[in-house]
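The values are calculated or read from the model by the stated rules, or taken from the named source; none is laboratory data. Model, not experiment: these values are computed from the prediction. Virtual Cβ from ideal backbone geometry, glycine too; neighbours counted across all protein chains shown. Surface areas here come from the heavy atoms of the whole protein model, side chains and all, with no ligands, DNA or RNA. Shrake-Rupley method; radii C 1.70, N 1.55, O 1.52, S 1.80 Å.
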Amino acid sequence: ILYPSDEVFEEVGATIMRQIREHGSSSVETQWVKKDGTIIDIFFSSTPLDPANISGGITFTAMDITERRRAERELRESEEKFRALFNNANDMITLHGFDRNGLPGQYLEVNDEACRRLNYTRDELLGKNINDVDAAERPEDTSERMRTIIASGHQTFETRQKTKDGPILDMEGSVSWLEGDPGRVIEYSRDITERKRAEESIRTL
């Protein structure tokens, strides 16, 4: 009466007996039906009183894992929603490591727009760090900027970045420092190359 159907009861029973014969005990996840009809998730462990004589009796311990399963499902759903927003964003979004001296680590995550704008595959970008992409004349300029971001927690700025095939993009960036050691920063960048080109055209009229 505890199982949703006879088929589930028979399947769980067969699994328990097979595991006990092979390993001396059994652990199974299944579902039970409460008196009011509510279905709950159960972690079920079974151990014979006498491993040499299963017919002598088996102890069963059942743990209600319904809330844990619900939390896991909600986490998966939230991760899927985040991933969809992350990859469908119109701005470049990158997550990369930095130590507190402003020395860069590798990219930890990049969205589809970052790959498209910089003309790298995701795997190619994840093998690089910000100095490989930043078009600052001196790498120490990037480290200095990062030390400022670490001190303030957040900064917006304009920079230039190199694409894989050569062209330089003017970028408007917004970076936030995420606490931790080693630290991480999340950067939102927007390509403003066309805007810069238009501003320069106006200035030269």
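Using +1 at the Cβ of each Lys and Arg and -1 at the Cβ of each Asp and Glu in the chain, identify which of ILE93, GLN155, TRP177 lies farthest towards the dipole's positive end.
The residue sitting farthest along the positive end of the dipole is GLN155.
Counting only GluC sites (Glu not before Pro) that sit in a DSSP loop (anything but H, G, I, E, B) with at most 15 other Cβ atoms within 10 Å, what is the longest stretch of the chain containing none of them?
It works out to 1-136.
In whole Å, how far is the Cα centre of the range 9-61 from that of the range 155-180?
Comparing the Cα centres of the range 9-61 and the range 155-180, I get a distance of 57 Å.
Summing -39500 (n - 2.57) over the DSSP H runs of n ≥ 4 in the chain and dividing by its residue number, what mean residue ellipticity at 222 nm do you reach, to the nearest 500 deg cm²/dmol? Present the calculation step by step, with values, prior to reporting the outcome.
Details: 7 runs with 82 residues, N = 205.
Helices in the chain give a 222 nm mean residue ellipticity of -12500 deg cm²/dmol.
Express the accessible area of the range 57-98 per residue in Å², computed with a 1.4 Å probe while the remaining protein chains stay in the model.
Counting only protein heavy atoms, the per-residue value for the range 57-98 is 69 Å².
What does the charge add up to near ARG203, with Lys and Arg as +1, Asp and Glu as -1, over the other residues with Cβ less than 12 Å from its Cβ?
Net local charge, ARG203 excluded: 0.
List the longest stretch of the chain that has no exposed loop site; here a site is one of the trypsin sites (Lys or Arg not before Pro) assigned by DSSP to anything other than H, G, I, E or B, with at most 11 other Cβ within 10 Å.
36-205
Magnitude of the Cβ-charge dipole of the chain, K/R +1 and D/E -1, about the Cα centre, nearest 20 debye?
Result for the chain is approximately 280 debye, rounded to the nearest 20.
Using a Gaussian network model of the chain with C-alpha springs under 10 Å, which one of ASP36, ASP191, ASP112 is most mobile by mean-square fluctuation?
Among ASP36, ASP191, ASP112, the largest GNM mean-square fluctuation belongs to ASP36.
Under 5 Å between amide H atoms, partner at least 5 residues away or on a different chain: which partners does TYR3 have, H built in plane at 1.01 Å?
Answer set, sorted by chain and number: VAL33.
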